[in-house]
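The values are calculated or read from the model by the stated rules, or taken from the named source; none is laboratory data. Not measured: the values here are computed from a predicted model. With ideal geometry, Cβ positions are generated from the backbone for all residues, glycine too; neighbour counts draw on all protein chains shown.
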Amino acid sequence: MKLNSPGWYDTLIPDIFCAKGGKPRMSQQPSRDPNRRNSVMRAFSISSQIGFTIASCLLIGVLIGRLLDNLLGTSPWLTLVFSLLGAAASFKSLYDMNMKK
């Protein structure tokens with residue numbers, strides 16, 4: 001294949017150039033499909049809900065553990081126990097969220 005022949009770049013860089021006309025794919029218009037936009041927003045909301053659920057359950061567990069540690073004088077033990085309970089609660093909440101769908 002000669003380098004000066006028309007279309008030689010199509011075989012070298014197939015991901016950037018289309019087969020028809022050799023125009024870059026980056027110049028094509030983005031999809032205006034409303035179903036795709038709804039699915040992207042739904043995926044974003046689910047992923048943010050997962051992160052918020054994990055963080056809030058762990059935070060509540062640590063705060064309860066620190067409060068009880070300060071009241072009872074059992075320095076790191078109740079914080080450790082309640083943070084593990086918070087982690088278990090977050091996994092249970094994620095499991096329930098998954099089973100609901």
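Is there a residue in segment 90-100 that is on the phi < 0 side of the Ramachandran plot and touching a Gly at 6+ places or on another chain (Cβ under 7 Å)?
Step one: list which residues in segment 90-100 are on the phi < 0 side of the Ramachandran plot, which gives 90-100.
Cutting the leftovers down to touching a Gly at 6+ places or on another chain (Cβ under 7 Å) gives us none.
Taking every residue of segment 90-100 in turn, none turns out to be on the phi < 0 side of the Ramachandran plot and touching a Gly at 6+ places or on another chain (Cβ under 7 Å).
Which is touching a helix residue (DSSP H, G or I) at 6+ places or on another chain (Cβ under 8 Å), assigned to a helix (DSSP H, G or I) and at pLDDT 95 or above, of Leu58, Leu67?
So the residue among Leu58, Leu67 that is touching a helix residue (DSSP H, G or I) at 6+ places or on another chain (Cβ under 8 Å), assigned to a helix (DSSP H, G or I) and at pLDDT 95 or above is Leu58.
How do the pairs read when you match residues in segment 60-77 that are in the same structural domain as Ser93 (by TED's automatic domain parsing) with residues anywhere that are aromatic (Phe, Trp, Tyr) and surrounded by 12 or more Cβ atoms within 10 Å (Cβ to Cβ), using Cβ under 8 Å and keeping only pairs 6 or more apart or on different chains?
Gly61/Phe82; Val62/Phe82; Ile64/Phe82; Gly65/Phe82; Leu68/Phe82; Asp69/Trp77
Consider segment 70-89. How many of its residues are surrounded by fewer than 16 Cβ atoms within 10 Å (Cβ to Cβ), among the hydroxyl-bearing types (Ser, Thr, Tyr) and in a helix (DSSP H, G or I)?
0
Name the residues in segment 23-43 that are at pLDDT 55 or above, surrounded by 10 or more Cβ atoms within 10 Å (Cβ to Cβ) and not aliphatic (A, V, I, L, M), would you?
Hits for segment 23-43 are Arg36, Arg37, Asn38, Ser39, Arg42.
So, Ile46, is that one surrounded by 14 or more Cβ atoms within 10 Å (Cβ to Cβ), among the hydrophobic types (A, V, I, L, M, F, W, C) and under 25 Å from Met99 (Cβ atoms) or not?
So Ile46 does not fit the description; no.
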